[in-house]
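So the structure is just underneath, and the comments pick up after that.
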Amino acid sequence: MLRFKFIDKIPPSLRNKYILTILIFLLWIFLLDSNNLVARFKDMHELRTLKSEKEYYTKKIEIDKRKLKELKTDNQNLEKFAREQYHMKKADEDLYIVLTPKEDRQIKRRTN
């Protein structure tokens, strides 16, 4: 008797065995399966992120290769790089470093 009262409260459309089977199938596909749709969307988002990172690093590698080739082939470029990046100077020179406020903040952040 109690069982019948519970079943009577369920709408007739949900008591249909075909609709019930479809609902269980959809629940399984969306939530319960190890390859559910939620996990697939997360994986697709991660894949897009990784592809964009790959593009970024590929471009960065090409730029670095080009710079390395320039440094290996031309002594003027090597001297310019050493002066700009490592603040090197010749024995008879004085070196003055002028920083913009933005560069000054970046250096302070690195040291703290």
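Descriptive notes on the structure:
- Test for residue 56: is it under 30 Å from residue 84 (Cβ atoms) and either of a type in the set (Val, Ile, Thr) or assigned to a helix (DSSP H, G or I) (or both): yes
- Scan of segment 72-112 for residues that are surrounded by 10 or more Cβ atoms within 10 Å (Cβ to Cβ) and assigned to a loop (DSSP other than H, G, I, E, B), ordered by number: 74, 88, 89, 99
- Residue ID - modelled with the highest pLDDT, chosen from residues in segment 1-29 that are aromatic (Phe, Trp, Tyr) and either surrounded by fewer than 10 Cβ atoms within 10 Å (Cβ to Cβ) or farther than 28 Å from residue 39 by Cβ (or both): 18
The values are calculated or read from the model by the stated rules, or taken from the named source; none is laboratory data. Keep in mind that what you see is a predicted model, and the values were worked out from it rather than measured. All Cβ positions, even for glycine, are placed from backbone atoms using ideal geometry, and neighbour counts span all protein chains on display.
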